[in-house]
Amino acid sequence: MATTTAQLKLDSAAGSLLTSVVAIDDTMTLYDYGTTTGMTKTTGLARLTIAAATETKLLDASDYTSTKGHQLYIKNTDGSGTETVKVTVGDVGSSKELGYLGFDEWSLMPWGGNEDINITCTSASTIVEWMLIFE
């Protein structure tokens, strides 16, 4: 059986986020939807540079099955501290905002596979790293 795990480690000194220390270290196994079978497919790790302020389709929902498991890793590789990546879902031009990735921020998020995933960068030099793990 395939085993792919993801780990989140979040540490914050007392007074930074809360008055006390925050220490979260959690791991999850990526399974096919509704089973204990590990996910076995991936798009491969890719890097993409797009024109600034142009909403661009990253994942086309018609290429995937909405009743299956999908986990999207996405990262804004900018190290300058000035470039952001907006992540949206739906058709380009009428999509809904999911959130923003600041410089050197990343996310691992579940995706239903029923709406496109799009990105908009604030600079034409922003490199977005991404990979879909799915069944």
- Item | Percentage relative contact order, the chain, counting C-alpha pairs under 8 Å, at least six apart | 31 percent
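Quick check: residue separation of Ala6 and Ala53 times 0.36 nm, minus the Cα distance between them. What number comes out in nm?
On the way: separation 47, 0.36 × 47 = 16.92 nm, distance 3.10 nm.
Answer, rounded to one decimal: 13.8 nm.
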- Task: List every residue whose amide H lies under 5 Å from the amide H of Tyr33, counting only residues 5 or more places away in sequence or on a different chain, with H placed 1.01 Å from N in the peptide plane.
- Result: Gly69
- Message: Using amide H atoms built in the peptide plane, which far-off residues or other-chain residues are under 5 Å from Ile127 H to H?
- Response: Thr77, Asp78
- Could you pull out which residues in the stretch 58-90 have an amide N less than 20 Å from a spot 7 Å beyond the Cα of Thr29, following the Cα-Cβ vector? 68-72
- A correct Karplus calculation of ³J(HN,Hα) over the stretch 129-135, with 6.51 cos²θ - 1.76 cosθ + 1.60, θ = phi - 60°, whole Hz and x for Gly and Pro, returns 9, 7, 7, 9, 10, 8, 10
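Grab the other residues whose beta carbon is less than 12 angstrom from that of Thr77, score K and R as +1, D and E as -1, and report the net.
Working: positive: Arg47, Lys75; negative: Asp78, Glu83, Asp104, Glu105, Glu129.
In short, -3.
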- Sum up the charges of everything whose Cβ sits under 12 Å from the Cβ of Phe103, counting Lys and Arg as +1 and Asp and Glu as -1, but leave Phe103 out. -3
- Query: Given the Cα-Cα distance of Leu108 and Met131 and 0.36 nm per residue of separation, how much length would full extension add, in nm?
  - Reply: 7.3 nm
- Considering the chain as a Gaussian network with a 10 Å cut-off on Cα pairs, which listed residue, Ile117, Ile50, Ile24, attains the greatest mean-square fluctuation? Ile24
- Pull out the extension gain between Ser66 and Thr122, defined as 0.36 nm times the separation in residues minus the alpha carbon to alpha carbon distance; nm, one decimal. 17.1 nm
- Query: Going down the table (Lys41/Lys68; Lys9/Lys96; Lys9/Lys41; Lys41/Lys96; Lys41/Lys75; Lys9/Lys57), which pairs top 22 Å between alpha carbons?
  - Reply: Lys9/Lys96; Lys9/Lys41; Lys41/Lys96; Lys9/Lys57
- Using amide H atoms built 1.01 Å from N in the peptide plane, name the residues 5+ places from Ala2, or on other chains, whose amide H lies under 5 Å from its own. Gly38
- Task: Return the whole-Å distance between the Cα centroid of the stretch 19-43 and the Cα centroid of the stretch 44-101.
- Result: 20 Å
- If you work out Cα Rg over 2.2 N^0.38 Å from the coordinates, which of [x] 1.25; [y] 1.15; [z] 1.56 do you get? [y]
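Every number in this text was worked out from the coordinates using simple rules, so none of it is lab data. Computed from a predicted structure; not experimentally measured. Note that we place each Cβ from the backbone using ideal geometry, even for glycine, and neighbour counts take in every protein chain shown.
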